[in-house]
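Read through the structure below, which is laid out as C-alpha cells, and then see the notes.
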Amino acid sequence: MKNLLSVESLDAAGISAILESAAAMKSTRGRHAAHPLRHQCWALMFSKSSTRTRVSFEAGIRELGGDVMFLAADDIQLGRGEPICDTARVMGRMLHGAVIRTFAQKDVEDFAAFSGIPTVNALTDEEHPCQILSDLFTIRETHGSLEGQRVTFVGDGDCNVARSWIWAAARMGFELRIAAPAGFQPPAGLLAKAGGRISVTSDLREAAAGSTVLYTDVWVSMGKEQESEQRVAQLQGYQINEELCRLAPGALVMHCLPAYRGKEIDAAIFEANAETIFRQAENRLHTQKAILSILMQ
C-alpha cells in the first residue's frame, strides 16, 4: 500500500492489517521499537478546519520519528489557484509524504499521482477513511471482532462518513443499516457497486432494533452550512436518544465528533457513552500511526 485514499480502495486483508497494527501501536505507545518516519518531513495540507485529525496526525508523525509542517490552503499557492498537479510535483521533490484534508476526492487522487510520495486522505467530500478505520478498530477493541456486528448509521446517509461505512461493510462482511430520510439516502448506484449486507430505510426504529452499534454524525457537514436550516428541518428526529437505545440494548454508541447535543444525539446519551466516544477519538492516533507505518513498508 503506497497511499491511503479511500476505504473503497482497500480489501479485507488490507483493512485487517491496519487494525492489527493499530492494536500494536496502542499497546506500545511511548516505547515503539521502530520509528519508520525518522529523518522524514511530512506535510499536513488542510483546506478544511480540524481538531482531531490535525492533532492526531501531528502527534503520530512525531511519535514515529518524523517532522511535520502544517499548510492551510491560504499558506500556499493552491489558495491562489495553482493547479493541484503543479503543487504536487513541487511537494514531491521536497517532502516524504502528505496528509490532505480537502473538498474534492479527485484532488487527493491527483496529488498522489503527480507527487509520487505517500499520500493520505484525511477527509474529502467523498470519503473519510481514517475515521472509519479508527471506528472499526474501536468496535473490534470493544466487541473482540467485526464478525456478526450490526452497525446502524443514523442521519445523513449520503455524507462522506456514511459512504466510507458502506465500503467498510462491503469489504469486511458485517451488516450495515442506514437510517435516513429520503433526500439523505445514498444513491442506488453506490450501493449496487459496493454490494455487501447493506440496507437503507427511513424507518429509524426498524433500523436500530437489535443493532450492536449505533452511530451518528453531524447533520450539517463542512461545506454545507448554507443548507443548515433545511438540513436541520429534514433530519429532525433522526437522533440517537434513550428511546432509540432501548431498541438496541448493549449497543456501542459512537459519534465521530464534533457533536451537537440535542440534534443528532441527545445530551444525556452522549454523556452516558462519553468513554466510548472519546476512546473512539483517541484511536484516531493509533490507527493513523498504523497507516503511516504500513505506507513505509
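Does the range 197-206 contain at least one residue that is under 19 Å from the mean Cα position of the chain (by Cα), part of a loop (DSSP other than H, G, I, E, B) and of a type in the set (Lys, Arg)? So far as the range 197-206 goes, no, none of its residues is under 19 Å from the mean Cα position of the chain (by Cα), part of a loop (DSSP other than H, G, I, E, B) and of a type in the set (Lys, Arg). Only one entry in 31, 89 is in a helix (DSSP H, G or I), surrounded by fewer than 18 Cβ atoms within 10 Å (Cβ to Cβ) and either assigned by TED's automatic domain parsing to the domain that holds residue 166 or without any contact (Cβ under 8 Å) to a residue 40 or more places away in the chain (or both), namely 89. Answer yes if at least one residue in the range 72-81 is of a type in the set (A, V, I, L, M), modelled with pLDDT under 95, out of contact with any Gly (no Cβ under 8 Å at 6 or more places or on another chain) and part of a helix (DSSP H, G or I), and no otherwise. Checked against the condition, which is being of a type in the set (A, V, I, L, M), modelled with pLDDT under 95, out of contact with any Gly (no Cβ under 8 Å at 6 or more places or on another chain) and part of a helix (DSSP H, G or I), the range 72-81 yields at least one hit. When each of 145, 164, 228, 221 is tested for being of a type outside the set (A, V, I, L, M), under 27 Å from residue 288 (Cβ atoms) and in a helix (DSSP H, G or I), the lone residue that passes is 164. For the range 251-262, the criterion of being assigned to a strand (DSSP E or B), over 30 Å from residue 30 (Cβ atoms) and not assigned by TED's automatic domain parsing to the domain that holds residue 56 is met by at least one residue.
Condition check ((1) of a type in the set (A, V, I, L, M); (2) over 18 Å from the mean Cα position of the chain (by Cα)) across all residues:
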{"residue": "261", "(1), (2)": "no, yes"}
{"residue": "273", "(1), (2)": "no, yes"}
{"residue": "276", "(1), (2)": "no, no"}
{"residue": "282", "(1), (2)": "no, no"}
{"residue": "288", "(1), (2)": "no, no"}
{"residue": "291", "(1), (2)": "yes, no"}
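Within the range 191-214, track down each residue that is buried (at least 17 other Cβ atoms within 10 Å of the Cβ) and of a type in the set (A, V, I, L, M). If the condition is that a residue be buried (at least 17 other Cβ atoms within 10 Å of the Cβ) and of a type in the set (A, V, I, L, M), then 191, 194, 198, 200, 204, 207, 208, 213, 214 are the ones that fit. Checked against (1) under 18 Å from the mean Cα position of the chain (by Cα); (2) modelled with pLDDT under 95, residue 45 passes all but a single condition, namely (2).
The criterion of being assigned to a loop (DSSP other than H, G, I, E, B) and in contact (Cβ under 8 Å) with a residue 12 or more places away in the chain holds for residue 50.
Each row is one residue, and each column tells you yes or no for (1) within 20 Å of residue 123 (Cα to Cα); (2) part of a helix (DSSP H, G or I); (3) in contact (Cβ under 8 Å) with a residue 40 or more places away in the chain.
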| site | (1), (2), (3) |
| --- | --- |
| 151 | no, no, yes |
| 169 | yes, yes, no |
| 178 | no, no, no |
| 186 | yes, no, no |
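The values are calculated or read from the model by the stated rules, or taken from the named source; none is laboratory data. In this text the structure is predicted, and so the values were computed from the model without any measurement. Because the Cβ atoms are built from the backbone with ideal geometry, glycine has one as well, and the counts that use them run over all protein chains shown.
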